[in-house]
């Protein structure tokens, strides 16, 4: 699905907000025990497919599904881990996540390493999302950071793009624009589901 002819930027933004708000509310209302169980199950499903890979993974914040179990499993499987780091101009880059290294909060309150150590390649990028649909479309928080980054991800040899979320974050359809980047797969507590190529 692409933006319909006649859709203005403001109307598309309103449609995205109409999807984003109820899903974020739903995430916030999930019981803690269910959140922990789902994060562990999703981590187990996804990590089994990434043994020994170079993986970019986000460090969860707020009501997002917890990525800590995934990070622990990937480390045990010998993966080289990278996380997002926001530059001075607001551009997103990936930097090496070293076990035990100090992390600091950036201007958005997200933890990131102080030092920038870029990957020479990435095999997979684990993406945060607010909502996803059955076609592999992803709705983020609205900043467009990942879409801009993935538009120039060729140096990373076209990594596998996989969303990491609660199954309850699936919606009937995500409003998308031409520059929005689709997922190759989604990992939830129910397993890893691949999407058809675009």
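Some notes on this structure:
- Checked against (1) free of Cβ contacts under 8 Å to residues at least 60 places away in the same chain; (2) closer than 22 Å to residue 165 by Cα; (3) touching a helix residue (DSSP H, G or I) at 6+ places or on another chain (Cβ under 8 Å), residue 126 passes all but a single condition, namely (1).
- Single residue of 27, 37, 15, 49 found to be more than 18 Å from the chain's Cα centre (by Cα), in contact (Cβ under 8 Å) with a residue 60 or more places away in the chain and within 16 Å of residue 188 (Cα to Cα): 37
- Selection of the range 57-93 for residues being out of contact with any helix residue (DSSP H, G or I) (no Cβ under 8 Å at 6 or more places or on another chain), part of a strand (DSSP E or B) and modelled with pLDDT of 95 or more yields 80, 82, 83.
- Hits in the range 169-191 (condition: in contact with a helix residue (DSSP H, G or I) (Cβ under 8 Å, 6 or more places away or on another chain) and surrounded by 17 or more Cβ atoms within 10 Å (Cβ to Cβ)): 169, 171, 174, 175, 180, 181, 187, 188, 189
- In the range 40-52, the residues that are in contact with a helix residue (DSSP H, G or I) (Cβ under 8 Å, 6 or more places away or on another chain) and farther than 13 Å from residue 169 by Cβ: 40, 43, 44, 46, 47, 50
The values are calculated or read from the model by the stated rules, or taken from the named source; none is laboratory data. Computed from a predicted structure; not experimentally measured. Please note: Cβ atoms are built from the backbone with ideal geometry, for glycine as well, and neighbour counts cover all protein chains shown.
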